[in-house]
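Notes to accompany the following structure.
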Amino acid sequence: MKISDLILTANRNLLRNKVRTFLTILAIFVGSFTIILNTAINAGVNDFIDKQVSTIGGDGFIEVMPAAASEQIMTMMKTGEKVTEYNEKTGSMMSAVISDEDFEAMKKVDGVKKLEVFHVLSVEWMRLYGAEKKYNVNVEYFPAESMNVDLSAGRMTDDTVEDEYEIIINEDWLKPFNLGSAEEALGKTVEIGAKQTLKCYTAPNDCISIVEAKIVGVQAPGVLTMDGDLHINKALDAKLYELINEGVPEEQLSTIFAVGEVEPNKVEDVRKTFKELGSGYEIITVKDTAGMIRTFFDVILAVFNIFGVIALIAAAIGIINTLFMSVQERTREIGLDKALGMSRLKIFFSFSIEAISLGFWGSIFGMFVSMLIGYSANNILHAEGQFLSPFPTFDLVKFSPEVVVPIVLLIMFIAFVAGTAPALKAAKKDPIDALRYE
Amino acid sequence: MKQSLIKPASASRSSEPVPIVEVKGLSKTYGKKSTAFKALDDINLKIFSGESVAIIGKSGSGKSTLMHLMALLDNPTSGTVKIMGVNASKLKGKKLNRLRNKYFGFVFQQFFMNPNDSVLENVLLPLKIGKVKRFSRKKLALKALDIVDLENKAKNKATNLSGGQKQRVCIARAIVNNPKVIFADEPTGNLDSGTGKKIVDLLFGLNKKRGVTLIIVTHDEDLAALCDRQVRIVDGKITSETKTRQARTLKTTAIREGRKEDR
């Protein structure tokens, strides 16, 4: 028998007992549906996390902080402990700084393309030029080239200009600024109030300097940008830093964070070198951040996948049962096939293809239903007022052949394995005994 | 027919043609030691191409076992079966399967049809197993159905046929691969005398017109009398062998030689 004949015959045999076949497929369907939908949600969420995290920066983007700071952050994130032990060597999170000496040394490390001091800027307020109302705001500067800001309008900031101050606002600001659309915001000027720390001790009522900046882009909404930190260009960062720290002696200005760009394939080398440098420094890459967020979702989805796997195990037992019944019913047919010269191997395959077909139809059925439900869920969740409506680019459920095809193949393989025992039983039958079977 | 399947062993030592089926010292024992039951005991038989041979015996005499052994559906406890001079015990797996598929046709008392398949599907099963192309197997199956005069029933479900029609379908299935030998196990056992006669006519027609060797297992003396030769089995042993008159003139030498061997 040719393979095509075996497949056709197997499927025709499945149709002989429609109810039994349907119920077996239903069992496989439950498992495959759970796993496929779950995996699609996993893909959707991970894709979203990736997109979100990449707004922080590309593969080569690093944040550098003293090991003391990162250790505490990590311990808190991993264990949930709010109280951590004091480390004599590294000091506290707040006192830990990057020394100038170490900073210069870091710049020379192989693989480091660029390293800049990160300024923690505490500005007072921001308002639209000409308007009265002031709003609380946080601004921060990262090198524009390291960033992948998801813009709904305009362009990225320019770090090469010397005295043009640029800012990117996010869509949350459109309403307070009375701007109808993102496009409308482009080119508008905002005023940022920066407090001159030293001057405020002597003249508390006259220590705020105003800097004007131009809106060059509007950032699309995202989860990680929801904290509202607005991105500014290098010139504005320098200006604000200068204003805030005016009159402060240079030796009192300390560096807590640095940001930079390394060659993506040397990230791990750089990490190692930085760890041993001076009092020890930690780098955080985009992947690290994404990894931390992912772990959380992965755990949840793993639990659901376990349910899917349990369902599949039950389904596999169903397949074994169905096929044993099928072998029993068709004993005489097997005898005839053997008498007419069908080989053991072909008999084996005729049954194992039946099992594989059950797996195939069950998983295809599961795939279609999970796609149907998944896509409907995406649509419903994106509707006005639903929780995904602020994120038009985020699909909760994401299907792709790379995700679905391996699952279908895996389920077919499980079905094949489940079918081996009945198929072997059929293959081993003695033709005479089989023909005499009543 | 593929020639590579079996090369007829050379018969150069004598002018005797090579028997298409030859059994020597064949024994079959079921069970072990104390419960052992000897179904066949030292059977010697030669069947030549184009012959029709009846194996007669009561139920439990061992006649079906003998047929199964000759058709290579079972292995003997001792002794040999030769097909066209080739020792069957030397044929394994693929070759054995191909031999059964290409050289033999089977007609069973209980028909053994796949009830839910169409008549055509049932008839072309041996061709399907033998990897004949889809188009030509349909053509061959229709031709076989034409011979048994059931071409118009090709699309019917096998269950919807009468007993006689079913047996004709089985004959069509048995001849569809153009076999050298047809083994018929009580072919008229489940049929009334009228339909039984039709089946008998068909089988002997194939034997006479196409030279198909016919080996019929039966307890029916009338059916056996129609064969060239009757081999009687009692308790696993051949007790007598007779020839019908017409057969003597047809295949004198062959049978004489065969009988000498069989004692």
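Just a few scattered comments:
- From the list A:341, A:335, A:362, the one residue that fits, being assigned by TED's automatic domain parsing to the domain that holds residue A:17 and at positive phi, is A:341.
- Scanning segment B:60-98 for residues that are under 24 Å from residue B:176 (Cα atoms), assigned to a helix (DSSP H, G or I) and either touching a Ser or Thr at 6+ places or on another chain (Cβ under 8 Å) or open to solvent by 10 Å² or more (accessible area, probe 1.4 Å) (or both) yields B:64, B:68, B:88, B:93, B:94, B:95, B:96, B:97, B:98.
- Selection status of residue B:32, over 17 Å from the mean Cα position of the chain (by Cα), within 14 Å of chain A (Cβ to nearest Cβ) and surrounded by fewer than 24 Cβ atoms within 10 Å (Cβ to Cβ): no
- Looking only at residues in segment B:99-127 that are more than 16 Å from the chain's Cα centre (by Cα) and open to solvent by 20 Å² or more (accessible area, probe 1.4 Å), the one that is farthest from the other protein chains (Cβ to nearest Cβ) is B:120.
- The criterion of being assigned to a helix (DSSP H, G or I) and open to solvent by less than 20 Å² (accessible area, probe 1.4 Å) does not hold for residue A:381.
- Residues in segment A:163-202 that are outside any helix (DSSP H, G or I) and of a type in the set (A, V, I, L, M, F, W, C): A:167, A:168, A:169, A:174, A:177, A:179, A:186, A:190, A:192, A:194.
- Of all the residues in segment A:343-368, those that are within 27 Å of residue B:104 (Cβ to Cβ) and away from every other protein chain (no Cβ under 14 Å) number 2.
- Condition met for residue B:153 (away from chain A (no Cβ under 14 Å) and open to solvent by 10 Å² or more (accessible area, probe 1.4 Å)): yes
- Filtered by the rule that a residue be free of Cβ contacts under 8 Å to residues at least 12 places away in the same chain and within 14 Å of chain B (Cβ to nearest Cβ), segment A:16-46 gives A:16, A:18.
The values are calculated or read from the model by the stated rules, or taken from the named source; none is laboratory data. Treat the numbers as computed from the prediction; the structure is a model and nothing was measured. Glycine also receives a Cβ, built like all others from the backbone with ideal geometry; neighbour counts cover every protein chain displayed. With ligands, DNA and RNA removed, areas are computed over all heavy atoms of the protein, side chains included. Shrake-Rupley method; radii C 1.70, N 1.55, O 1.52, S 1.80 Å.
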